[in-house]
Amino acid sequence: MSMGMAGAATGRKRQPSLAQLRAFAAVAEHLHFRDAAAAIGMSQPALSGAVSTLEEALGVTLLERTTRKVLLSPAGERLAVRAKAVLAEVGALMEEAEAVRAPFTGALRLGVIPTVAPYLLPTVLRLVHDRYPALDLQVHEEQTASLLDGLTSGRLDLLLLAVPLGVPGVTELPLFDEDFVLVTPLDHGLGGREGIPRSALRELNLLLLDEGHCLRDQALDICREAGREDVPATTTAAGLSTLVQLVAGGLGVTLLPRTAVRVETSRSSQLLTGSFADPAPTRRIALAMRTGAARSAEYEELAAALREAMRELPVRTVQG
């Protein structure tokens, strides 16, 4: 066959459709037809047919199907990366069109960590309701690793969480710094004290959140800075509310970010809070977006509006 005929034959090949690429990307992620179909809201037969049609269009076997499981072929492994990149670019195109059409309209999928959500969301929701009424804010509360995965995969648009993240391709828009306070039972020697030295953390029975919470990692970092090397406690909790109740019950002490203090300590009369000597241990809260996101100008404007709105909270706002 001549080069001209080969080129003509190639040109007549059917182009893959977005639906086929979406189906293949879902199977590549889940390696299970039923789970992949559920993830993208497609019937299992339709999904299987879409992948088969894609294989015909490309002239390549993408999957190795057995009775028990689905595996990617070597070609499938390579092309799955391309398929995801194409879908991400299409998503960015749609975002760009939406942003150009009308800023602060349509859906905004905001991911928030559990140690921020209960204390900052009232301020965020009030701001969005008052200033951006056409914005469809959709909130997802997840731990940091899941949020970052959602941001980089395009499942989420914007994150509200503790930084620094140090993740390539993610831009942080800092909002504020806040101090940690020491929460103790009523009969504790440090209860209610001011100017507590960080060195006191070396000897305390410090209660922590479960693995996966960035607040646990921050607490451990603070302890290490104070000269403590061991993991402080074996008792852990899934959330700050439980952690504070354990303190009220006399099982130990804990560190709370100042934005959480009013909500969490109001649940019990058996608690006291103490403040650390300057410089107190702190955490920084920021918005995080994909670097170069189509709606980055909107996100930067939202960050500026949030800094202003959060001046009423016990925090120190920082400029981006």
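The values are calculated or read from the model by the stated rules, or taken from the named source; none is laboratory data. Because the structure is predicted, anything quoted here is derived from the model rather than measured. Note: ideal-geometry Cβ built from the backbone for every residue, glycine included; neighbour counts use all protein chains shown. Side chains included, ligands, DNA and RNA excluded: accessible areas come from the protein's heavy atoms. Shrake-Rupley method; radii C 1.70, N 1.55, O 1.52, S 1.80 Å.
Computed over protein heavy atoms with a 1.4 Å probe, the carbon and sulfur contribution to the accessible area of region 249-320 reaches 46%.
The shape of region 116-246 comes out prolate: with a ≥ b ≥ c from the C-alpha gyration tensor, a/c is at least 1.5 and a/b beats b/c. In order along region 199-204, phi translates into HN-Hα couplings of 4, 4, 5, 5, 9, 7 Hz, rounded to whole numbers, per the Karplus curve 6.51 cos²θ - 1.76 cosθ + 1.60 with θ = phi - 60° and x for Gly and Pro.
Counting Lys and Arg as +1 and Asp and Glu as -1 over every other residue whose Cβ lies under 9 Å from the Cβ of VAL163, the net charge comes to +1. Across the accessible surface of region 97-144, with the other protein chains kept in place and a 1.4 Å probe, carbon and sulfur atoms take up 57 percent.
Computed from Cα atoms, the angle from the helix 144-153 axis to the main principal axis of the chain rounds to 30 degrees. The candidate values are (1) 31, 48, 21, 1; (2) 27, 44, 25, 5, 0; (3) 32, 57, 10, 0; the one derived from this structure for P(r) over Cα pairs in 20 Å bins from 0, in percent carries the label (2).
Between the residues GLY59, ALA305, PRO257, the greatest Cα displacement towards the positive end of the dipole of the chain, with unit charges on the Cβ of Lys, Arg, Asp and Glu, is found for GLY59.
Sequence-distant contacts, meaning Cα pairs under 8 Å at least 6 residues apart, place the relative contact order of the chain at 20 percent. From most to least packed by mean Cβ count within 10 Å, the peptides 166-178, 188-200 give 166-178, 188-200. Surface analysis of the chain yields an accessible area of 51 Å² per residue, using protein heavy atoms and a 1.4 Å probe.
The string of couplings for region 36-46 from the Karplus curve (6.51, -1.76, 1.60, θ = phi - 60°) is 5, 4, 5, 5, 10, x, 10, 5, 4, x, 5 Hz, one whole number per residue in order, with x for Gly and Pro.
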